[in-house]
1. Kindly count the pairs of lysines across the chain whose alpha carbons are less than 16 Å apart, treating pairs on different chains or eight or more residues apart as eligible.
2. Compute the Rg to Rh ratio over the chain from the alpha carbon atoms, using the Kirkwood formula for Rh, and round to two decimal places.
3. Once the other residues with Cβ under 15 Å from the Cβ of residue 74 are scored (Lys, Arg +1; Asp, Glu -1), what is the net sum?
4. Would you work out the relative contact order for the range 164-319, in percent, from Cα pairs under 8 angstrom that are 6 or more residues apart?
5. For the chain, what is the calculated [θ] at 222 nm in deg cm²/dmol (nearest 500), taking -39500 (n - 2.57) for each run of four or more DSSP H residues and dividing by its residue count?
6. Amide H neighbours of residue 194 under 5 Å, counting only residues 5+ apart in sequence or on other chains, H built in-plane at 1.01 Å?
7. Could you order the peptides 73-85, 95-107, 20-32 from most to least packed, using the average number of other C-beta atoms within 10 Å per residue?
8. With a sphere of radius 13 Å drawn around the Cβ of residue 184, what net charge do the other residues whose Cβ falls strictly inside it have (Lys, Arg +1; Asp, Glu -1)?
Amino acid sequence: MAEFSLPVLAQVTRSGFVESRHRGSLVVLDTAGRVNTARGDVTSPIYPRSTLKPMQAVAMLQAGADLDGPLLALAAASHAAEPFHVDGVRRILERAGLGADALGCPPGAPLDPVVAEEVLRANDPTDPRLWMNCSGKHAGFLLACVASGWPTESYLDPAHPMQARATAEMADASGEAVSHLGVDGCGAPAATMSLTGLARAFAAFVRAEPASARGRVAAAMRAYPEYVAGTRKPDTWLMRGVPGALAKGGAEGVVAMALPDGRAVAVKIDDGAQRAIWPVAVAALRTLGVDAPVLDRLAEAPLLGGGLPVGAVEALPLG
């Protein structure tokens, strides 16, 4: 990001006193892909993190992965490790003729706290790599490698044909060359792009022909949002509550969304605070005239004191 003071996009109020502030950047594109609203730095590269997963899923389909419906949504997911997620990852691996030991992602605990407590109490013997929120993506990578006859042991190498295809899709969807490749938390290559490029990529997905790889990924994510995130996750709530919306959050305070007509939003909270992304994203959607009950649910992140609400994380007005 550029080295200048970014605007405050959200503030944290506790008992009527502003306790913290979150700076960041956001961009809103109109139906023609032009910048409608911009705050902060929307042209410098960032790590979009897991908002890249729809593009990685496109590369899997291009490589021949036999994925559709909920399993395709799971390949683009940051899942919460609910039982249907773990079962889905196993099914993808079965199609590839592989077991959980082939996954290159690290072990992880379920993101959903309810599930995490349940598996802890039950002393669940599941391979913890299956619980890792990116395991659906990794299983999809492996299935694509098997379909194309590529080696599976090195599938996370940036030079591997699977990753080269994914990087090419990121550049094509965003309209930007990938200027830097790092390593994501799950071990997969992490590309950089600007917020404007990220919003442009999501717009490309909702505009895509239904039979195309992008169209198939977008349709699967919107039809099965619980597989993209979880039954208690905001990505799911937004896609259920705003018909035709495509949404995906990422680590370090990133979220990207697109509406059926091609309007798109991308947000990056500079300090990486996840608690601020959805209130800011809602504020951006409201500049586009989007109105749905789910936005009220997402517009504030409650702040607790003694287990009771005493404040909230709220977006500042964008108007």
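The values are calculated or read from the model by the stated rules, or taken from the named source; none is laboratory data. This is a predicted model, so every value here is computed, not measured. With ideal geometry, Cβ positions are generated from the backbone for all residues, glycine too; neighbour counts draw on all protein chains shown. We work out accessible area using only protein heavy atoms, side chains counted, and drop any ligands, DNA or RNA first. Shrake-Rupley method; radii C 1.70, N 1.55, O 1.52, S 1.80 Å.
1. Going through the chain pair by pair, I get 5.
2. Ratio value, two decimals: 0.96.
3. Here the charged neighbours net out to +2.
4. 15 percent
5. After summing the helix terms and dividing by the residues of the chain, the value is -11500 deg cm²/dmol.
6. 46
7. 73-85, 20-32, 95-107
8. Here the count lands on +2.
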